[in-house]
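Each reported figure results from applying straightforward, stated rules to the coordinates on display, with no laboratory input. All values derive from a computational prediction rather than experimental measurement. Methodologically, a virtual Cβ is constructed for each residue, glycine included, from the backbone with ideal geometry; neighbour enumeration extends over all protein chains shown.
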């Protein structure tokens, strides 16, 4: 506790760090405020009425979809699409940089190439928004609450049967949803530049954490109703949750170090003979190089049944799609487990250029002990990478299906989503990143203070 108070005191005294943290919190507050502003002509109560009638499996799938937007998706907010179109565009551009030679050259051009790739990513984000926004608005009619439904509140505050009401609604809705994503993207960039941490990751994390107080309160109330037995179960659940967090931290930070030697030759001024100097370093290969991306890819694929099931007329295909809509079912979790493993290997293969690493080592005079430079080095790195990727992929897959497992053993639906999956990994990863940045700022702050004291003494 004393260390925490000392750290907080040091953060408050570091003027630049304090300013960055306050700026970050203010911008996140603006984003959270925007998540509660509904689209023009939308009745949020009507959508809530629909969500309350969903079964637990479909509701869980909607919660996963909404977690990246902090509930804005379920509220039909002006920020309903959130930052996800930008993330989708970034993933597409990243994959295209491997396939298209022009983008490969841009990526190697340094800062100028990075700026052009960022510009392409932003334009692609606009294109994705122009596709996703109409689909989302259609889902308000076809999937959320039909306008003609007599058993529930209407999703609209305007008469969608009139030409003026429908045409203006589509035009304004698409424009506002696209603008909301661009505004969220600007907030993320501004947080990265002027605040602390990665802005996009912080925006996603803020949406996830916003659901946590409601989830933990419901879990506590649910267990208290069961008396002493419920309190003991609650204690065990929280203990298990903390162990899962510790497990996630270990997975994120686990590294396999490959030793590397750099040999340099220089001439002795005394004996005029050549001497050899060896420097020992290592190549750090993370056990989970892909991070949270395989889970995001897998969940994005699993959202297709939810998106297109209402547009399919064939009864047998509809029944087949419904098997994958229950996030607590065997079919959904088995598929997610396999997809996470497959995508982990795929994403690792496209993000770790083993041939380039081997060439860079050879060019800089480095080599792995007992391994020949060049092709043998690339094969050895690829061999080590494949050995550590498999256990990392399995561990990621286990984390991906943990919410379903704990839900089956009695944890409430809202709280179970914090036991694993994308939510937990994003929150843990962002908090670790922010803590590291704060420590760097504090070290620089103390170093600057010591240098000022030294200059005054001199």
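Can you figure out the FRET efficiency of residue 126 with residue 433, using R₀ = 35 Å and their beta-carbon distance, to the nearest 0.05?
0.80
For a footprinting-style exposure proxy, rank 126, 292, 340 by other Cβ within 10 Å, fewest first.
126, 292, 340
Tell me, in nm to one decimal, what length is gained between residue 26 and residue 362 on full extension, where the rule is 0.36 nm per residue of separation less the Cα-Cα distance?
116.1 nm
Counting other C-beta atoms within 10 Å, which of 384, 135 has the fewest, and how do the rest follow?
Ordered by Cβ neighbours within 10 Å, fewest first: 135, 384.
With labels modelled as points extended 7 Å from the Cα through the Cβ direction, what inter-label distance (nm, one decimal) is found for residue 16 paired with residue 37?
Output for this residue pair reads 3.4 nm.
Going by C-beta contacts inside 10 Å, put 73, 321, 8 in order with the fewest on the left.
Ranking 73, 321, 8 by Cβ neighbours within 10 Å, fewest first, gives 8, 321, 73.
Between residue 98 and residue 232, how high is the FRET efficiency from 1/(1 + (r/R0)^6) when r is the Cβ-Cβ distance and R₀ = 56 Å? Nearest 0.05.
That gives a FRET efficiency of 0.60.
Between residue 250 and residue 443, what length comes free when the chain is fully extended (0.36 nm per residue of separation minus the Cα-Cα distance, one decimal in nm)?
Extending this stretch completely gives an extra 67.0 nm.
Suppose the chain between residue 261 and residue 375 were pulled fully straight at 0.36 nm per residue; how much longer would it get relative to their current alpha carbon spacing?
Stretched fully, the residue 261-residue 375 segment lengthens by 39.3 nm.
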